[in-house]
Every structure is written in C-alpha cells, then in structure tokens.
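These notes concern the structure reproduced below.
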Amino acid sequence: MMNGRAVRSVLIRSNRGENGSVEHVPRSVQFDESSEEYRCLCNCFHVKTGTYLIGAVHIFMILFFLIHSLLVYFQHDGRLQEARGVKENYVFASFLAEMIGLGLGSFVLFLLFVGLSRNQALLLIPHIVMQVIAIVCFALVLVSGMIAITTDSAVFYRLINAAPFMEHPTHNTVALDIGTMVRIYSIMTVYAISLVLEVWFVVVIYNCNRYLDERNTYMKYCLAFSTPMKTLSTR
C-alpha cells in the first residue's frame, strides 16, 4: 500500500538472498523490468522499445495519409464541377476533417515521444485516447466505403476521401472508371490494415503506460526509503 492505494505487484526476479528469501522491497511495490508482462510485439521487444517503434510507424502513417489527402484534394477539378453546377460541400469538408485529425495525431505523437524520453506515463494518455478515436474513425470509414461500393453513392465516396472523381449535377450516384476503383479498393485495404494495427498498437501503448506508472511508483518507494533500485535498467 502506497499513498493510500494498493500498487499492482510484479514478481522480482533474481532478488533473493542467500537464504532464499525475497529482500526488503514489500510485495506491494515489487517491480521487475524483465517480466514477460512488459514484453510486446510477439514477445520480441520491451514495451517501451515497442512503443518507440509504434511511434515511428505512426510517423510514416501520418505522412502517408497527409500526402494521399493532398493528392486527392488537388487532383480534384473544382472549377469544372462548379461549371457543371455541382456543389463542393463534401470535398473540402473531407479534406479539412483529415487535416485536423492528422494535426491532432502529430501533436499527441510528440507528447508520446516526450513521455517515453522522460518516463512520464501521463503523457501517453492523449495518444491512447487519439488511438481509440482513430479506431472508431477507421471503422466508420470502412463502413462508409462498403456502402459506397454497394450503392455507388457519391456522398459516401466523398466521405472515404479515397480518390478524386466527377459528380453528376442531378444524380446522387456515380459510375467510376476502373482506375478510380482500383485506387478506392487500395486505400480501403490500407484503412483495414490500419484499423487492425491500431487495435494492436493501443494495447501495447496501454501496457507501456502501465509499465511507466509502476516504474515511477517503484522509484518513489526506493527514493523515499533509500532502497537500492535493483530491478531498474537505464531505459
């Protein structure tokens, strides 16, 4: 019990004295960085290392979706659409929504790296929240994509923001060429892969948040009672 609350116990390895008894750290604050509970990505990496790798993957994902969104927006011929009497409400709205999402994603990713470098669990929470939002958004986009493909709805094609196309001024549906459909199927595949990865990644980062929290609790105990930090590495 520390500060009026119980702290999750993790068995300390290689911390037994000659008589086989566990040394002075109470079980309530026992901590072992080498515990399998702090492994991730098929048990290949420590959760902190794995979170750094996930951050690097997220940088690539942000750049990919930024470039893709810019290409879709600038390849769209708005003047021709306006001349044909087609309103452009959904084109800019989809672009703006994605830019806002990428901006927020970049900010929480920055907080993630700061939190990892300073071992501050609290700074990982915004990234976890953003990942949950991203999971919901990817799921909604995939549903919108399936509706668009089955109904040829122009509105739902705009919502997935997958490829530029021309709308008919009086029809709510569109007949897209093969090249455009290939782009749409490709980006839908990317969305599906991203959804699966985000579900996996949010578990890893949550475990990293738990690891940092338990590590900080252990450090506070050791500093308060002048106990050697025998199970801490230089992470």
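Restricted to helices (runs of 4 or more DSSP H) entirely inside region 26-126, those with at least 3 residues that are at pLDDT 95 or above, out of contact with any Ser or Thr (no Cβ under 8 Å at 6 or more places or on another chain) and closer than 15 Å to Phe201 by Cβ are 47-75, 89-118. For Thr234, are the conditions met, namely being of a type in the set (S, T, N, Q), over 23 Å from Cys44 (Cβ atoms) and modelled with pLDDT under 90? In short, no.
The values are calculated or read from the model by the stated rules, or taken from the named source; none is laboratory data. Remember, predicted model here, so these are calculated numbers, not experimental data. Reconstructed Cβ throughout: ideal geometry from the backbone, glycine too, with neighbour counts over all protein chains shown.
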